[in-house]
Amino acid sequence: MVTFTLDGRELQVEPGTTILQAARSASVEIPTFCYQERLSISASCRMCLVEIEGRGKLEPSCATAVAEGMVVHSRSDRVVETREDMLEILLANHPLDCPVCDKGGECELQDTVFEYGRGSSRLRDPKRVFRERDIELNQVIVFNANRCIQCQRCVRMCEEIVGDVALGTSERGLDSEITGTGNSLKDCSHCGNCIEVCPVGALMSIPYRYKARPWDMQRTETICGMCGTGCSMTVETRDGEFKRVKSRFDTGINGELLCAKGRFGFDAIGVGDRIREPMIRKNGGLASVSWAEAIGFVAAKAREVQEQGGSIQGQISPRQTNETAFMFQRLMRQAFSTQDIRSSTRFSGLQADGAIAALAQTVGELAARRPLDSLLKADCIFVLGSNVTDENPVSGYLIRAAMADPGKRLLVASSRPCGLDGIAAAKLRLLPGREVHLLAQLTAGGQEVESRAMAGFTGAAEPVLAGAESIALLAGTEFLRTGAAAETLQWIAHAVAHYSAQGKAVQLQFLFDRPNQLGLWDMGCLPGVLPGWRPSKGSEAPADEAPGLLYVLSADPARTWPDTGPGDRGGRRAGCLVVHGPHMNATAELADVLLPAPSYGEEDGTFTNNEGRVQQVQAVKAAGYDGPTPRQVFKQIAQAMGEELQPVSAEQVQAAIAEEVPGFGAFGVEGTSEVPAGEVPASALPLLPDDGDSQSQERYLVTGDGLFQSGQLSTRSECLSMLGGGPYVESNPGEGYAQAAGALSVRISCQGASFTAPLKINTAFDEKTVFIPECYLVNGENSLLADAGYPPRVTVELLPLED
Amino acid sequence: MSELVLLKNIENPDAPDISVYERSGGYEGMRIVLAGYAPDQVIEAVKTSTLRGRGGAGFPTGLKWSFVPKDSGKPHYLCCNADEGEPGTFKDRILMERDPHQLIEGMIIAAYAIGSNTAYLYIRGEYGLSVRRCEQAIVAARAKGYLGKDILGSGFDLDIHIHKGAGAYICGEETALLESIEGKRGQPKLKPPFPAVAGLYECPTVVNNVETLACLPHLFRRGVEWFTSMGPKDGPGPKLFCFSGHVKAPGVYEAPMGLPLGEMLEVYGGGAINGRFKAAIPGGVSAPMFPESGFDVKMDFSSLAEAGSMLGSAGVIGLDESASIPRVARRITEFFSHESCGKCTPCREGLTWAAKILRRIEAGEGSPGDVEQLEMLCGSIFGKSFCALGDGAAWSLGAALKHFRHEFEALIPVQAQPVQEMRLW
Amino acid sequence: MTDDRTVAGIKAALAAQVQEAAARYPTSRSAIMPALELAQQKYGSVDGTTYQAVAELLDVPEIWVFEVASFYTLFDRAEPGRHHLRLCTNVSCMLRGAEEILDCLQEQLSVKDGETTADGLITLSGVECLGACDKAPVLMVDDEYHEDVTAETLDALLKVLTREAKEGAA
Ligand SMILES: Cc1cc2nc3c(=O)[nH]c(=O)nc-3n(C[C@H](O)[C@H](O)[C@H](O)COP(=O)(O)O)c2cc1C
Ligand code: SF4
Ligand code: FES
């Protein structure tokens, strides 16, 4: 500890603490502009200059470490006068257009001038006018050069955290201007973090432009509904109307960081083709009925199926809250007496033998429930099987930020190019399902190496892993779509045990692409697994044939059912299909019963993010229908079946959860949990599709979310749809096609189904994979994914783009 | 005039030829060092010589070298600062054009001392001839085995690469120079860490001026005692002075340090063109000017510092009776505002504002209160800017205002309205 | 000075030299300045296509290239005239008449500081100290220094440049 004096107060701080940090932790305000926690220190705005006894010059407190015995004055006459001078100089050229500036009311310059300024100025010469007009840097970010104070926070944010290097500075001196070049802006992720860190009204959000004033809005603190990173955000509305999403440094896993989906996707809330009243299929058409009739109908059907010895299946969307999920599984288990509860139909690999047990072991027990932040302190960060920067962008930013430590190493093995490839010590393009081979090669050695790329990766990764004292293993979930799901889970567990046995601190976390995937599983929304990952007694393997009744809560499983023609209910089609959800979708079209439900943003509850942190989600608007909440509906259905299903209210449900899920919401910070000594998994390495020869036109189709997609939710966002630009196929068509960029479309076909969309060339892909964002695989096209196993082999044809 | 050391080959058009250079004792200093000194001993010798940097700040060279860690495990770099952009300064160009091997030899000695196997010679982009001469010198030295692997069997390897600047005075500031070599905008970097610890590519780095390095061959050929016998004790050695402006005999001169400014202006500068000198800038435009009444200041590091100015780059600019100080001040301020890198608030905004006011005053559109505003601006820049560019600009403008306030005020029309304070809210 | 610059063309033309420059440094970013200089030597100026080509050759973000091109004044981002006259107007030259010479040049060429003559022959720029203050005023004609410039030597110089241009055209 270092002892020093600040404004006459003696303070003790860790060595290396800056004066600014020390001051802030002692609640001494020092104004700053260029300083931003997490970004490299610039010390250029000179607002934070303080007086240090014995030093002739004032020193920037943001960049000066405290030294033993130092005597610092943060409000001496000299310091106060300097601040006044800096502000006077800054304002000399700054336009005083606060009344029309979007930032008015929340502008750091405005606030600082009020607090520390002189109140008057003698600098009366004409101001510099950079530009008459604002510049739209892209569809969501607009720049007013005149207001910029050159703090360079945006540029540092873009380069150091987001990794895009889309923004830079042109010219020098007073002509310095934040800018992007045509091509650098193409790399922009549209995350808007530059807007968030801009202290003045220089960088502004186009969707929010001139929409509202900060003081007119209601604020709701909630958790993003896009992916499992679980970012905290503030949703601002005026008179119930959504205006914008903001983020604050001091809240949540993300601090002020958000991705494009989180920041610009909230306009999806409340729009879309809503289910507004209960309906029942009568004479082939859907007819509105009363709640009582609909509920009675469902109860009667369930009873009927039970009596006839048929099966019931429940499917729940991983955007449902823990509270609703917990009661959903109670409805299934208590009223419907079924164990067949699924929470993501995309993870078809979980249907294989042993997969759920492996999931319980690896995800339920082994995965670390502690802040990502603490995992990222590891010497080696290993991202396995995830394009984290597209699917969990903010996790990606946090990884990049952690990588600022030059002692750290990053390994990336994923099916798609990942934005972190460039800073990885080794990277590998790996078909989903082959994680097993990679882990076997790394931890058990001796396996036959099937590709040179994998050998190259292991060659580079082995010394990194061997040299690391701590490892953070961040695993994606794409492999859960493959037939190798169980084995992969086992090998992941083995890898954790293997490196732990070497005395390394190994921590595992999963990167889920949905906001409450982990929570749903914790709540027992899995066949044969009770809340808290307890095995359910006497559970039968879920029936393979079509269930007598399928109860779908807010999900859309029909999207991946093969489309065998209109009227055909499909081999998988249930005897009775109950769809309980907010929107019409492919499944709802087929439903026998429709029950309205609130969408994300319309109900309170909790989500459990990838870290295992249980976070409060809050409604920002009223539900888009009149009627009971899903939990009330569950209760009424059960009641109609003669069952008492309790409780309903959030507090009581949470209490019930706490009873069944010991340690619910408990969330560690320190230490590592005991890792059981692992054995090499007994299972033989699954047979995987071979590499495929590059001559053939056959490729592997992989899917998932892109930067602007989060399944169907994002398709309802006008802003994200605009940024995403509609359906596309991303691939690397190989040498010679660079000129064709923007001029080709691609037809992907497989077993009679096909999908045609413009080609997006990405030379970082390997030549054997093509990518289509999952949300575009709708209707007939989805059968590209049906049955063929994952990843399916598809035929790729390049076609001239039709206008 | 005393013996010429740095300029001894200056009149010989063949001096850039390596054999001519060698005949005049060239590369002997390097041989002596490589054969008889351990790197530490070189640093010790330079420390003992109290050689001070000729680039502007006058920092003791040996001391700077001694900050380079011995066991960093990283490559070390030597960078020669040949960005010479300080108005009134042209000594480094003369050294590179007329006697480039002297510099190359100095670089070899310095690189050896700090354990650098790669050195960069940062030459400002306008100095085409210097670039060509230094390139040729590097090729010739390499051919002789003075550069490359295992120089003269010493086991020491060195490559020198030229990095051409492209028009930015700020790149003379050592950390900006390093950023520029790294391929970035030339903006100064935060210190600490100092370049000696984390400089070029975050590796230990020494930046030295051309003239500083050019002293080294002589120091080692003729010995530390010889070196310390020249000029003032706390900063001895051969020294170049540039004379320009209203002097009759502009040019580079090698002269002992410690002579009075006024005397040097007469003896070397050849006196004023029009009548008498009314002021002189002693060390490039960053150095505050002296009015004639201050001409007895001695031209060495400490005397000038005590007198409130600096030896700087030793670019002496004479201003005679025909000079308008407000005009000179305006032009200097415009220079600094044009060259401000734009990083820090006071320099970026303040200097441009000062230039605006100065232009107005010169055009006869000044108001009472303008001079005070200029003083206020100087006060908010000096000591508060990120790097010494802002300091120098404010410092030199401040001196002009202090010594020649009457000249500024005389330009302000008598009937002009005083500057009004403007309420911001 | 062709204007049919394409990314592929620039890359093909400069690849070898740029790689050679990059080999002098541990990072490819360091070679941005040399690469821009090579491009400017070849094409007379640098532009958006150049930034993209350099960025691709060195595998660096394009904005880095643009930042450098716009920070340093010797990079011409607009096509300059056949000859670029850079007149030092800094203090030492100013004291010896540089500002008057600049006025005189502006008048004779009918351009303002920073502009190019209508016939595309000459670009005129007033610049900061060129480091030849003993020979003030100094005029840099392309990359050569002309020292102790006077109204007469200027006249002669302009005549030579114009004559050369006419001969070149003929
Ligand atoms: C704005 C500014 C410009 C400078 N320009 C030069 C220069 O052109 N040449 C130079 O050698 N030093 C210049 N310096 C000084 C360098 O920062 C550095 O102190 C010097 O190169 C160190 O070399 P030395 O110790 O041999 O003097 C400049 C400093 C500043 C602040
Ligand atoms: S004082 Fe500030 S703006 Fe000026 S050159 Fe130095 S860092 Fe750049
Ligand atoms: S916050 Fe310290 S200088 Fe800007």
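For B:Tyr77, the amide hydrogen comes within under 5 Å of the amide hydrogens of B:Thr205, B:Val206, counting only partners 5 or more places away or on other chains and with H modelled in the peptide plane. Comparing C:Ser92, C:Val111, C:Gly44 along the charge dipole axis of chain C, the residue lying farthest to the positive side is C:Gly44, per the Cβ-charge model. Per the accessible-area calculation with a 1.4 Å probe, the total area buried between chain B and chain A rounds to 3600 Å².
3J(HN,Hα) along segment A:202-213, derived from phi through the Karplus expression 6.51 cos²θ - 1.76 cosθ + 1.60 where θ = phi - 60°, amounts to 7, 9, 9, 8, 5, x, 8, 3, 6, 8, 6, 10 Hz, with x in place of Gly and Pro.
Heavy-atom surface analysis with a 1.4 Å probe gives chain B a carbon and sulfur content of 54 percent of its accessible area. Using a probe of 1.4 angstrom and keeping all protein chains present, the accessible surface of chain C works out to 42 square angstrom per residue. Using the Kirkwood radius over C-alpha pairs as Rh, can you work out the diffusion coefficient of chain B via Stokes-Einstein at 37 °C, viscosity 0.692 mPa s, in µm² per second? Result for D is 147 µm²/s. The residue list B:Ile361, B:Ile273, A:Leu331 was ranked by how far each Cα lies along the charge dipole of the protein assembly as shown toward its positive end, using unit charges on Cβ atoms, and A:Leu331 comes out on top.
Calculated accessible area for chain B comes out at 33 Å² per residue, all protein chains present (probe 1.4 Å; ligands, DNA, RNA ignored). Panel note: contact residues of segment B:409-424 (accessible area lowered by at least 10 Å² against the chain on its own; 1.4 Å probe) correspond to B:Val419, B:Gln420, B:Glu421, B:Met422, B:Arg423, B:Leu424. Share of pairwise Cα-Cα distances greater than 63 Å in the protein assembly as shown is 23 percent (whole percent).
Per-residue accessible area (protein heavy atoms, 1.4 Å probe) orders A:Thr5, C:Thr50 as A:Thr5, C:Thr50, starting from the largest.
Report the percentage of all Cα-Cα pairs in segment C:83-169 whose separation exceeds 19 Å, rounded to a whole percent. The share of Cα pairs beyond 19 Å in segment C:83-169 comes to 31 percent. Counting, for every residue in A:174-187, the Cβ atoms of other protein chains within 10 Å of its Cβ and taking the mean gives 6. Within chain C, antiparallel bridges make up roughly 55 percent of the DSSP beta bridges whose residues both belong there.
Assuming charge only on the beta carbon of Lys and Arg (+1) and of Asp and Glu (-1), the dipole of segment A:196-348 about its Cα centre is about 240 debye to the nearest 20.
Ranked from largest, the principal axis spans of the Cα set of chain A equal 90, 64, 60 Å. For C:Thr27, the accessible area of its heavy atoms, probed at 1.4 Å with every protein chain present, is near 50 square angstrom. If only the Cβ of Lys and Arg carry +1 and only the Cβ of Asp and Glu carry -1, the dipole of segment B:124-243 around its Cα centre is close to 300 debye.
Inverting the pair-averaged 1/r between distinct Cα atoms of segment A:414-564 gives 18.2 Å as its Kirkwood hydrodynamic radius.
Which order do B:Phe241, B:Phe59 take when ranked by solvent-accessible area (1.4 Å probe, heavy atoms of all protein chains), largest first? Walk me through the intermediate numbers first.
Numbers: B:Phe241 0, B:Phe59 85 Å².
The most accessible residue leads, giving B:Phe59, B:Phe241.
Checking the table A:Lys211/A:Lys261; B:Lys74/B:Lys239; A:Lys57/B:Lys189; B:Lys74/B:Lys149; B:Lys64/B:Lys144; A:Lys427/B:Lys74 against a 23 Å threshold on Cα-Cα, which pairs fail? Result: B:Lys74/B:Lys239; B:Lys64/B:Lys144; A:Lys427/B:Lys74 exceed 23 Å. Expressed as a whole percentage, what fraction of the accessible surface of segment C:83-169 belongs to carbon and sulfur atoms when a 1.4 Å probe is rolled over the protein heavy atoms? Looking at segment C:83-169 in its full context, I get 50 percent from C and S. Interface between chains B and C: roughly 3600 Å² of accessible area buried, both sides summed (probe 1.4 Å, protein heavy atoms only).
The distance linking segment A:54-125 with segment B:298-332 is 32 Å (Cα centroid to Cα centroid, whole angstrom).
Ignoring ligands, DNA and RNA, what percent of the 1.4 Å accessible area of segment A:60-194 is carbon and sulfur? Of the solvent-accessible surface of segment A:60-194, carbon and sulfur hold 49 percent. Using every pair of separate Cα atoms, the Kirkwood estimate puts the hydrodynamic radius of segment C:7-71 at 11.2 angstrom. Interface residues of segment A:121-161, defined as those with an accessible-area decrease of at least 50 Å² between the chain by itself and the complete set of protein chains (probe 1.4 Å), are A:Ser121, A:Arg122, A:Leu123, A:Arg124, A:Asp125. Only one residue of C:Thr6, B:Pro236, A:Gln21 has its Cα farthest out toward the positive end of the dipole of the protein assembly as shown, where Lys and Arg carry +1 and Asp and Glu -1 on Cβ, and that residue is A:Gln21. How large is log10 of I(q)/I(0) for segment B:293-425 at q = 0.14, 0.16, 0.18 Å⁻¹ when the intensity is taken from the Debye formula with one equal scatterer per alpha-carbon? Reported log10 I(q)/I(0), two decimals: -0.67, -0.86, -1.06. Taking the empirical scaling 2.2 N^0.38 Å for compact globular proteins as reference, segment B:369-425 has a Cα radius of gyration ratio of 1.32. For C:Lys42, the lysines whose Cα falls under 24 Å of its own Cα, not counting residues fewer than eight places away in the same chain, are B:Lys164, B:Lys184, C:Lys11, C:Lys166.
With the Cα gyration tensor of segment A:27-109 giving a ≥ b ≥ c as the square roots of its eigenvalues, does the rule (a/c under 1.5 for rounded; else a/b larger than b/c for prolate; else oblate) give rounded, prolate or oblate? Because a/c hits 1.5 or more and a/b exceeds b/c, segment A:27-109 counts as prolate. On a per residue basis, the convex hull of the C-alpha atoms belonging to segment A:83-228 measures out at 145 Å³.
The solvent-accessible area of B:Lys8, taken with every protein chain present and a 1.4 Å probe, is close to 80 Å².
For segment A:353-432, a Kirkwood hydrodynamic radius built from all Cα pairs, placed in the Stokes-Einstein relation at 20 °C and 1.002 mPa s, yields a translational diffusion coefficient of 158 µm²/s. Evaluated with a Cβ-only charge set (Lys, Arg +1; Asp, Glu -1), the protein assembly as shown carries a dipole of roughly 940 debye about its Cα centre, given to the nearest 20. With protein chains left intact and a 1.4 Å probe, residues in chain A average 37 Å² of accessible area per residue. Shape annotation for segment B:1-126: C-alpha extents along the principal axes are 44, 35, 29 Å, from largest to smallest.
Segment B:38-81 and segment A:601-639 have Cα centres spaced 69 Å apart.
The values are calculated or read from the model by the stated rules, or taken from the named source; none is laboratory data. Keep in mind the model is a prediction, meaning the values are calculated, not measured. All Cβ positions, glycine included, derive from the backbone under ideal geometry; neighbour counts span all protein chains shown. For the accessible areas, the whole protein counts, side chains as well, though only heavy atoms, and no ligand, DNA or RNA atoms are used. Shrake-Rupley method; radii C 1.70, N 1.55, O 1.52, S 1.80 Å.
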